[in-house]
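The block underneath contains the structure these notes are about, expressed in structure tokens.
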Amino acid sequence: MEIPAKYESSAIEKKWYKYWIEKKYFHSEPDDREPYVIVIPPPNVTGVLHMGHMLNNTIQDILVRRARMLGKNAVWVPGTDHASIATEAKVVAKLKNEGIEKNTLTREEFLKYAWEWKEKHGGIILQQLKELGASCDWDREAFTMDEIRSGSVIKVFVDLYNKGLIYRGVRMVNWDPEAKTAVSDEEVIYSEENSKLYYVKYKIVGEDNYLIVATTRPETILGDVAVCVNPNDTRYSGLKGKSVIVPMVNREVPVIFDEYVDMEFGTGCLKITPAHDINDYEIGIKYNLPVIDIFNDDGTLNHSAGLFVGEDRFKARELSVEELKKLDLILKIEDYQNKVGRSERTNSVIEPKLSLQWFLKMEQLSKPALEAVENGNVNLIPSKFKNVYRHWMENVRDWCISRQLWWGHRIPAYYINDTNEFVVAGTEKEAVELAREKTGNKNLEAKDLYQDGDVLDTWFSSWLWPISVFNGILEPENPDFKYYYPTNDLVTAPEILFFWVARMIIAGYEYAGDKPFSNVYLTGIVRDKQRRKMSKSLGNSPDPLDLIKEYGADGVRVGMLLCSPAGGDLLYDNSLPEQGRNFANKIWNAFRLVKSWQVDENIEQPEHSKVAVRWFESKLNETISNINQQFDTFRLSESLMSVYKFFWDDFSAWYLEIIKPEYQKPIDKETYVRTLDFFKKICLLLSPFMPFISEELWQFMKDKNDPESIVIAKWPEINVVDKEILDEFENCQQVVANIRTVRQEKNIPQRDKLKLYVIKHCSYSSVFDTVSIKLGNLEEVIFTEEKINPSSGFLVKTNEYFIPLGNLINKEEEITKLKEELKYTEGFLVSVMKKLGNEKFVNNAPVNVIEIERKKQADAEAKIKILKEQIEGLK
């Protein structure tokens, strides 16, 4: 097979992905092997591939590909999330463009449009993942609203309701006026924003005086029902039993006293608006205050406001300030920074709102999930997130699980017409039966019931994901679920540690009696060089598919992972995938070089090649061992760097240079065969990270005893590591590096042969002398007991090396250069001795630090001795 001069990534990627799919290498069925399972964090059906997906899915693919090579029955289950809020917003916008308003459609008509949109756009992101090389079991693709997943969600809702854990009640919720739905506490993002603090006058009834109240939201004055002060605040002790007039609406409200009020904030007077602030709501309940809700669901003012009806809340703020100024009721306005909550989905400012919603009691449910992380049964990587997890779980609130949308899992609660009664059931038929029992009316029919109009929070389906993808809710005894659950590793983002990860652990213990996964690998955030999160709005996020087109999938995978430790942010620029592409080209060219050599079966293996093979075999085994340890501890970025450096430095820069035959001369068969075997093992190590180039090279190298694809090849095993030969080769590397430095400094061409004299000590080994001779282009290595003058010398360990220079140098210039180096080294020694002479440093520094300083002293003293001898020898 002829090897093309250039590595054409695009054609190769398409060829091998098609081949892998046709061969069903990614498909798994239960058998007697150990399973290895990853479930994909299901991306939204609205989504397209972004840089965060690239990082996350590269990591998942690396883990699952290596598990496959370790002989495990590996499966990576793909799927998508229906994403209630995001998808409904997309469909509403699409219909609007077509001149159709949602409120003119029935629920069924709208859902027909939504399903059409999902079928057309919903699978885009999964198709894009294939471009990256994702080795998912595509036969197992799931969707959170498909039949099995929907059935699972409904069954769990009914079960939790019957256990008394789901209830319906009026509570203060986070309301998104743009999406017109409640959102959970975890879906609200808080940030410091510039606001105004308005000091407003409230007239005291029966007095010609005012209370001054500071507020950031003058528009909510229209819903005020009291003013509250702290009973310990002596400024207001005379106000007991008094009332004030609410500005603009002239409503008389009481002054109440509660220690909740912060005497230091503003004026120490707090206006109470129970309908629009969670703390005011609690105070309202405590003092039995009325509730005036002034907002419509879309954030405009309703008739209860009395003023500015139909205006948006922010416009109403401007109008309120104008009106208060007109009435001379504003004392002053100050600039103010406060925390503002925005909806994660729409970025709309959240409105606290009293609403009838469905809730899930979390306190008892969450205890096993907290314990699982505390005792290490579920391992968070990196472990720093354990504290964040503990804080959330110890302060967990009841989960608002209802959403005022049409796209999603409709809540299975059925209301009985003309009553306040309802039943919760898995099907309409079951609901009729329960309603008959509840009312005693055996004549009730389906037409006498109507189903709740809300849908469930999207997370209420995805919290079941590791169970439901294997149908473990509906059929807990099915062979897939019993074999694949619990899964092994989850790769996800820290920002959904509570949203999703914690809730999956809760569901795992509640519905499977076991953790859903053993390890949670939390990725960092992909940022630009200015540390800004990549986003379309900032225009700083490249299109991943364009990157794959330019740098190849393997290049992008390498680029994404090279600088991305678990939990650490990735500072991205295009130099990273470029580095990955260059690495692929380096591998390709190295392979072409090896395959270009002519093999002569009759020539003997040279000594330098023989020892190079011995060294490289040990280095390979050491590298495999290191990579295995790095995988075991999820240091995946380090494991890639280990392979990268091993190929670039040990294999290409050293091994190939040692064994490379002279120009137009053949290589011996033994060295050639061993080199191809080494290349094969390197490809196996590269395969999880760079699957496409590894497969292409495997096809060039495989023999009849090898698997037909590297995807199903065995991960290389560790054999004996000869530490002694590794240490000896390190000495050889230093010798060669010093010879090259001498050539460079003295302008001695590489083609000119040199002699190397050695004063050897007990640590000297001649094993790699033949390598030094070849790489240093030496005539010979000669042992001596005396210094050679004039010469250039250097130390490696305790052995002294000299290269005779004869007429190769200008003596005066050389003496000047050596004196400068001597002066620098003596100065360096003085600084080291000062440190070692400092009693405080010696008594307090760690032993290893002191040892390092003493080694610096010894090395500097030895170097000074040699430099002085060299100067003397040149005189």
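Table for the structure above
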read-out: Using θ = phi - 60° and Karplus 6.51 cos²θ - 1.76 cosθ + 1.60, couplings along the range 281-286 (whole Hz; Gly, Pro as x); value: 4, 5, 5, x, 5, 4
read-out: Radius of gyration, Dmax [the range 734-875; alpha carbons; angstrom]; value: 17.1, 54
read-out: Neighbour count of at most 14 Cβ within 10 Å plus DSSP loop: longest chymotrypsin sites (Phe, Trp or Tyr not before Pro)-free window in the chain; value: 266-662
read-out: For K819, solvent-accessible area (1.4 Å; no DNA, RNA or ligand), Å²; value: 110
read-out: The range 332-465 - convex hull of alpha carbons, volume per residue in Å³; value: 212
read-out: Mean separation of Cα contacts under 8 Å, 6 or more apart, over the residue count of the chain: relative contact order %; value: 12
read-out: Per DSSP, loop GluC sites (Glu not before Pro) in the range 190-287 with at most 13 further Cβ within 10 Å; value: E207, E259, E264
read-out: Gained length - V599 relative to M641, 0.36 nm times residue gap less alpha-carbon distance; value: 11.8 nm
read-out: Protein accessible area in the range 273-337, 1.4 Å probe - carbon and sulfur %; value: 48
read-out: Sequence-separation-based contact order of the range 188-339, relative, with Cα cut under 8 Å and 6+ spacing, percent; value: 31
read-out: Three semi-axes of the equivalent ellipsoid, the range 1-112, Cα gyration tensor, whole Å, largest first; value: 39, 21, 13
read-out: Ratio Rg/Rh, restricted to the range 733-817 and using Cα atoms, in which Rh is the Kirkwood radius; value: 0.94
read-out: Full-stretch length increase - E495, Q337 - with 0.36 nm per residue and alpha-carbon distance subtracted; value: 54.4 nm
read-out: Reachable aspartates and glutamates, given that their alpha-carbon falls under 12 Å from the alpha-carbon of K180 and they are not under 8 places away in the same chain; value: E88, D297, D298, E351, D454
read-out: Karplus-derived HN-Hα couplings along the range 484-499 (A = 6.51, B = -1.76, C = 1.60, θ = phi - 60°), whole Hz, x at Gly and Pro; value: 8, 9, x, 6, 9, 10, 10, 10, 7, 9, x, 5, 10, 4, 8, 2
read-out: Backbone HN-Hα couplings from phi across the range 392-408 [Karplus 6.51/-1.76/1.60, Hz, Gly and Pro as x]; value: 4, 6, 7, 10, 5, 10, 4, 8, 6, 9, 9, 9, 8, 9, 9, 8, x
read-out: Calculated over the range 335-398: convex hull of Cα atoms, volume per residue (Å³); value: 166
read-out: Interchain or long-range residues, amide H under 5 Å from I667's placed H; value: Q598, V599, D600
read-out: Amide H partners (placed H, <5 Å) of N44, local residues excluded; value: D81
read-out: R743, R168, reordered so the largest accessible area comes first (probe 1.4 Å); value: R168, R743
read-out: Whole-percent carbon and sulfur share, accessible surface of the range 213-267, 1.4 Å; value: 46
read-out: Ellipsoid semi-axes in whole angstrom, largest first, where each is sqrt(5λ) of the Cα gyration tensor of the range 157-290; value: 33, 18, 14
read-out: Solvent-accessible area per residue, Å², over the range 26-91 with all protein chains present [probe radius 1.4 Å]; value: 24
read-out: The range 578-630, accessible area per residue, ligands and nucleic acids excluded (1.4 Å, Å²); value: 46
read-out: Rough spin-label spacing in nm, given labels placed 7 Å along Cα→Cβ, for N417 and D573; value: 7.0
read-out: Largest-first principal axis extents of the Cα set of the range 765-805 (Å); value: 25, 22, 15
read-out: The chain - convex hull of alpha carbons, volume per residue in Å³; value: 248
read-out: Dipole in debye (nearest 20) - the range 555-619, about Cα centre, beta carbon charges: Lys, Arg +1; Asp, Glu -1; value: 120
read-out: Amide H contacts under 5 Å for L70, placed H, 5+ residues apart; value: W715
read-out: Surface accessible to a 1.4 Å probe, per residue, for the residues of the range 283-384, Å²; value: 53
read-out: Solvent exposure, largest accessible area first (probe 1.4 Å, DNA, RNA and ligands not counted), of E445, E323, E812; value: E812, E445, E323
read-out: Length-normalised contact order for the range 395-435 - Cα pairs under 8 Å, 6+ apart - percent; value: 26
read-out: Ellipticity estimate at 222 nm from DSSP helix runs (n ≥ 4, -39,500 (n - 2.57)) divided over the chain, nearest 500; value: -13500 deg cm²/dmol
read-out: Percent carbon-and-sulfur accessible area, the range 402-539, ignoring ligands, DNA and RNA, probe 1.4 Å; value: 46
read-out: Loop sites in the range 593-661: trypsin sites (Lys or Arg not before Pro), DSSP, at most 11 other Cβ within 10 Å; value: none
read-out: Cleavage-rule hits, trypsin sites (Lys or Arg not before Pro), the range 390-420, DSSP coil, Cβ neighbours within 10 Å at most 15; value: R397
read-out: About the Cα centre, charge dipole magnitude for the chain (Lys/Arg +1, Asp/Glu -1 at Cβ), debye; value: 1460
read-out: Cα gyration tensor shape of the range 479-520, rounded if a/c is under 1.5, else prolate or oblate by comparing a/b with b/c; value: oblate
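The values are calculated or read from the model by the stated rules, or taken from the named source; none is laboratory data. Model, not experiment: these values are computed from the prediction. Cβ sites come from the backbone with ideal geometry, for glycine too, and all protein chains shown count toward neighbours. When the accessible area is computed, the model is the full protein with side chains, heavy atoms only, and any ligands, DNA or RNA have been set aside. Shrake-Rupley method; radii C 1.70, N 1.55, O 1.52, S 1.80 Å.
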